[in-house]
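Q: Dropping a structure here in structure tokens format, bear with me for questions.
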């Protein structure tokens, strides 16, 4: 009873959002690192993709786990936003922010854009449904040609724009999320606070730059099929 | 100096409320904001208009009564002060100043700029105290507390409970207020035995009163007249996590204080 109360409180709720969020951040970082293998050529990326697919237990555990974590994160965040809206039924006629960053004020918006983007991304590059012209061929080694699919996608300006919007939402969301999560988990120390504060923007820049490097390298023909 | 004031007027809790415009004339730059309002009210008395209701008591920045959102910032444009410590020299002559009450579901408006802040009292009643009888004052240096610990507790204890943190928060969250109280009491040996029960009870009361949750924007710290740091919110979260673990492992019935002292 006590424990249920703890998780349902506004603070317990936020602890779970922070933990699930940090878990998703961890995934996003590794996803970016894995994808950077596109710079090593078709063999590297396709072998990597094949390696993941050769471990169905691992792959599906990770997929279902991520889905569960994401659902928790989103459901609790919606609950939190609704609770917070109720906390101030009548707003101010004039409002001046002193400290709150743009990122911190748009978490719900960037989160929603991110959700739409992730669904699109899964349909596009994972399931291959969004773009019928990107066919699922095999490469010379008999692996699925993930490299070819990615290169095909980002030669198209439309997909580049969609992914840029997604990356913008991701970067802005993460820049507030990571540092905020550390504070929510009570991780604070006078000697490290500047580091913790910088952690959000640093992780956001790392992930976004890594992902943008792939998109632009393909679009400008540095990486080609 | 001369100002145009856009003031929130509301006859009572059920009134819809509206902005009224008044002129403040012959204002000295050395007047406090509340003295300027006193002058405006003086000029309203001969007219049909009722004077503007606003809260004030000590007028020296320690009681936490004054509570105005001035041009969109609780306690106005200066930092680390209450409204009564704000001077008119902070504004340019002829400026238009918007004055609003604290806005939060937990702070219903009583009249004009006066809000009911008893929600904070109820949060305090839930656990913001020490119920163990500590007897008379002990001899000096019997209870050893490090300088750092004492300073830390004092930094948190300087909260005057004005509610500016809640007024400034996008979510009308009372986290900085609760953080200050919990951190202050948990940092000292007298408050230590009840820390788990205290933080659980105060957080529960905070949610019950309809305050929002922390969004880590730190607007609260930026408007706090006592400059209370948001690091206490991290302390509060740590206390809350700790209490969640401690309480779940122990019986829910608390020990009675009498048994312990017997």
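Values in this text are rule-based calculations from the coordinates and carry no lab data. Fair warning: this is a prediction, and the values are worked out from it, not measured in the lab. Ideal geometry is used to build each Cβ from the backbone, glycine not excepted, and the neighbour counts take in all protein chains shown.
Q: Points 7 angstrom from Cα along the Cβ direction at residue B:145 and residue A:192: gap in nanometres?
A: Simple spin-label model gives 2.7 nm for this pair.
Q: Between helix B:195-208 and chain B, what is the angle of the helix's C-alpha long axis to the longest principal axis, kept within 0 to 90° and rounded to the nearest 10?
A: 40 degrees
Q: So how far apart, in nm, are the two label points at residue B:26 and residue A:217 if each is 7 Å from Cα heading toward Cβ?
A: Using points 7 Å along Cα→Cβ, the separation is 7.6 nm.
Q: Can you give me the pair-distance distribution of the protein assembly as shown, C-alpha pairs, 20 Å bins, whole percents?
A: 20, 42, 28, 9, 0
Q: Rounded to the nearest 10 degrees, what's the angle between the helix A:107-121 long axis and the longest principal axis of chain A, both from Cα atoms, 0 to 90?
A: Once rounded, the angle reads 20 degrees.
Q: Provide the gained length on full extension for the span residue B:133 to residue B:43, in nm with one decimal, where the gain is 0.36 nm per separating residue minus the Cα-Cα distance. Don't skip to the answer; put the middle values down first.
A: Details: separation 90, 0.36 × 90 = 32.40 nm, distance 5.26 nm.
Separation in residues times 0.36 nm, less the Cα-Cα distance, equals 27.1 nm.
Q: What's the Cα-based Rg to Rh of region A:3-72, Rh via Kirkwood? Write out the running numbers ahead of the final one.
A: Working: Rg = 16.5 Å, Rh = 14.2 Å.
My calculation of the ratio gives 1.16.
Q: Still on this model: On a 0 to 90° scale, report how tilted helix B:231-249 is relative to the longest principal axis of chain B, with both axes built from alpha carbons and the result rounded to the nearest 10.
A: Once rounded, one gets 40 degrees.
Q: Hey, what did chain B get for relative contact order, percent, Cα under 8 Å, at least 6 apart?
A: Numbers: 448 pairs, mean separation 48.9, N = 262.
Once divided by the residue count of chain B, the mean separation gives 19 percent.
Q: If contacts are Cα pairs under 8 angstrom and at least 6 residues apart, what is the relative contact order of region B:20-96 in percent? Could you put the intermediate results ahead of the total?
A: Working: 84 pairs, mean separation 24.7, N = 77.
It rounds to 32 percent for region B:20-96.
Q: Looking only at other chains, what is the average number of their beta-carbon atoms within 10 angstrom of each beta-carbon in A:95-108? Spell out each step's value before the answer.
A: Details: counts 8, 8, 7, 11, 9, 9, 3, 0, 1, 6, 4, 0, 3, 1.
Mean partner-chain Cβ count within 10 Å for A:95-108: 5.
Q: Work out how much length residue A:112 to residue A:202 would gain on full extension: take 0.36 nm times their residue separation and subtract the Cα-Cα distance, in nm to one decimal. Show your work: numbers first, answer last.
A: Numbers: separation 90, 0.36 × 90 = 32.40 nm, distance 2.21 nm.
Net length gain for the segment: 30.2 nm.
Q: Something else now. Along Cα→Cβ, 7 Å out, is where each label goes; now give me the distance between the ones at residue A:31 and residue B:227 in nm to one decimal.
A: Result for the modelled spin labels: 4.3 nm.
Q: Residues of region B:168-185 with the amide nitrogen closer than 18 Å to a label point 7 Å from the Cα of residue B:125, along Cα-to-Cβ, please.
A: Inside the label zone: B:178.
Q: Between residue A:47 and residue A:82, what FRET efficiency comes out of the Förster formula 1/(1 + (r/R0)^6) with R0 = 41 Å and r the beta carbon distance, rounded to 0.05? Let's see the in-between values first.
A: On the way: r = 46 Å, r/R0 = 1.13.
E between residue A:82 and residue A:47, to the nearest 0.05, is 0.35.
Q: What's the FRET efficiency of residue B:118 with residue A:123 using the Cβ-Cβ distance as r and R₀ = 60 Å, to the nearest 0.05? Could the numbers behind the result be given before it?
A: On the way: r = 53 Å, r/R0 = 0.88.
That gives a FRET efficiency of 0.70.
Q: On a C-alpha basis, how far is the centre of region A:1-75 from the centre of region B:99-159 in Å? Whole number, if you could?
A: 41 Å
Q: Given the rule -39500 (n - 2.57) for each run of at least 4 DSSP H residues, summed and divided by the residues of chain B, what is its mean residue ellipticity at 222 nm, to the nearest 500 deg cm²/dmol?
A: Working: 9 runs with 93 residues, N = 262.
Rounded to the nearest 500, it is -10500 deg cm²/dmol.
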